[in-house]
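Heads up, the thing below is written out as C-alpha cells.
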Amino acid sequence: MLVCLGKESSNAGAFEAAQHFAVNILAETQRDVSAVFATRGINRFGSINWRRGDLGDPILEGSTAWFECRMHDRIDAGDHIILVGNVQSYDHSTASPLGYCRGTYVSFQLEQDIVAGRNRKTRVGAILEAQGRILFLASKSGMLALPTNRALGAGSEPGTLRGDLAALGVSYDLDFLYSVYEENDTDTLNVFYRGTAAAVPSVGGVIGYTPEEIPLDRLEGNALRKLMCRYINERLHARFSVYAGDATVGRFKIVVDS
Ligand SMILES: Cc1cc2nc3c(=O)[nH]c(=O)nc-3n(C[C@H](O)[C@H](O)[C@H](O)COP(=O)(O)O)c2cc1C
C-alpha cells in the first residue's frame, strides 16, 4: 500500500516516526469526512466515529475499505514522501468508493441515476471474470454475448441481469461501471459493469475464455467487439477507464458527478 504524503503536512513528523498506519477508503456518502481530513488545524478525530484497529490505527466508521499497515519503507520523492505499508489486516464492504478527480468528487453510482432518468430502452450487462476467465453466453449458432438484460435488478428479480445470473447459479460481485453507450439506431442505452465471479458455472451455453482465447470474430456485434478489445487491452495494463458515448464515438473518462 503506497501513500504519498506532502512534506508540508502538519503530520509529516508523525509519519516520519510512525511504525504503522491505516488507510481508509471513504465511501461515496462520506464527502463530509473527506472535507474534515482536508481541513487543517481542526480536531479531525473529534467530529467523526472511529475505532482502533489491531495495531492501534484509526479505522473510520463507514469506510468502504480499510487497510492497517506496518511501515515497510519511506521513499523521498521531492515535495512528497512515499510511505510504503505492508498490509497486516483489512476489510471492505460493497459501498461505492468516493473518488476525486480534477478538483471534483467522482460518483461511481451515477450510472444508476442515468438509467433511472431516461425514458428509453436500456440494456445492462456484465463482463464477469472467474479465475482469469471471462464469462460468455453462446447462442445455438455459436455466437457469443455477455450476460445482459433490460435492467440490473436486485437479488434474483426475474427479467433482470441479476435475475439471469442467479438463474445460472453464478455467485458474483459487480466491481465498477465499465461502459455507458447509446445505440442511436435502436434508441438503447447500454450499461456494462465489470465484475468478478467465483467460478464459471457448468451450465450449458456458458463458456469462460481467458482474454487471449476470446474468439473476437464470434462476438455478437461491433459494439461488443470494441468493448472486449478495450477490456483485454486495459486488463493487460491493469488500468481500467470508463467509456461514455455512443456505439462508435465516445470518450474514455470518469463520469463526474456535478
Ligand atoms: C480528495 C483529497 C485527496 C487528498 N490527497 C492527498 C494526498 O494524497 N497527500 C497529501 O499529502 N495531501 C492530500 N490531500 C490534501 C490534504 O488533505 C490537505 O493538504 C490537508 O489539509 C493536510 O493537512 P495536514 O497538514 O494536517 O496533514 C488531499 C485532499 C483531498 C480533498
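The values are calculated or read from the model by the stated rules, or taken from the named source; none is laboratory data. As the structure is a computational prediction, the values presented were derived from the model and not from experiment. Cβ placement follows ideal geometry from the backbone for every residue including glycine, while neighbour counts extend to all protein chains displayed. Side chains included, ligands, DNA and RNA excluded: accessible areas come from the protein's heavy atoms. Shrake-Rupley method; radii C 1.70, N 1.55, O 1.52, S 1.80 Å.
Key figures
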read-out	value
Some residue of region 88-98 being free of Cβ contacts under 8 Å to residues at least 24 places away in the same chain and either outside the structural domain of Leu177 (by TED's automatic domain parsing) or farther than 30 Å from Leu174 by Cβ (or both)	no
Region 42-81, subset part of a strand (DSSP E or B) and small (Gly, Ala, Ser), residue surrounded by the most Cβ atoms within 10 Å (Cβ to Cβ)	Ala65
Ala126 being of a type in the set (A, V, I, L, M, F, W, C) and surrounded by fewer than 19 Cβ atoms within 10 Å (Cβ to Cβ)	no
Count of region 129-165 residues which are surrounded by fewer than 13 Cβ atoms within 10 Å (Cβ to Cβ) and on the phi < 0 side of the Ramachandran plot	6
Residue satisfying condition, being in a strand (DSSP E or B), of a type in the set (A, V, I, L, M, F, W, C) and within 18 Å of the chain's Cα centre (by Cα), within set Val23, Val84	Val23
Strands (runs of 3 or more DSSP E) wholly inside region 171-226 that include at least 3 residues being aliphatic (A, V, I, L, M), touching a residue at least 40 places away in the same chain (Cβ under 8 Å) and in contact with a Phe, Trp or Tyr (Cβ under 8 Å, 6 or more places away or on another chain)	172-183
Pair list, Cβ < 8 Å and 6+ apart or interchain, from region 12-41 residues that are within 23 Å of Thr104 (Cα to Cα) to residues that are near the ligand (Cβ under 10 Å from one of its atoms) and among the charged types (D, E, K, R)	Val36/Arg44; Phe37/Arg44
The one condition in (1) open to solvent by 40 Å² or more (accessible area, probe 1.4 Å); (2) assigned to a loop (DSSP other than H, G, I, E, B); (3) in contact with a Ser or Thr (Cβ under 9 Å, 6 or more places away or on another chain) that Thr39 fails to fulfil	(3)
Sole exception among (1) within 14 Å of the ligand (Cβ to nearest atom); (2) touching a helix residue (DSSP H, G or I) at 6+ places or on another chain (Cβ under 8 Å); (3) within 30 Å of Val242 (Cα to Cα) for Gly62, by number	(1)
Every residue from region 13-36 that is within 10 Å of the ligand (Cβ to nearest atom), more than 14 Å from Leu60 (Cα to Cα) and surrounded by 13 or more Cβ atoms within 10 Å (Cβ to Cβ)	Phe15
Top-ranked residue in region 88-105 [being hydroxyl-bearing (Ser, Thr, Tyr) and within 12 Å of the ligand (Cβ to nearest atom); ranked as modelled with the highest pLDDT]	Tyr100
Hits in region 208-227 - residues which are over 24 Å from the mean Cα position of the chain (by Cα) and either closer than 18 Å to Arg162 by Cα or open to solvent by 60 Å² or more (accessible area, probe 1.4 Å) (or both)	Glu213, Leu216, Asp217, Arg218, Glu220, Asn222
Residue under evaluation Ser63, criteria (1) at pLDDT 95 or above; (2) under 20 Å from Asn11 (Cα atoms), criterion not met	(2)
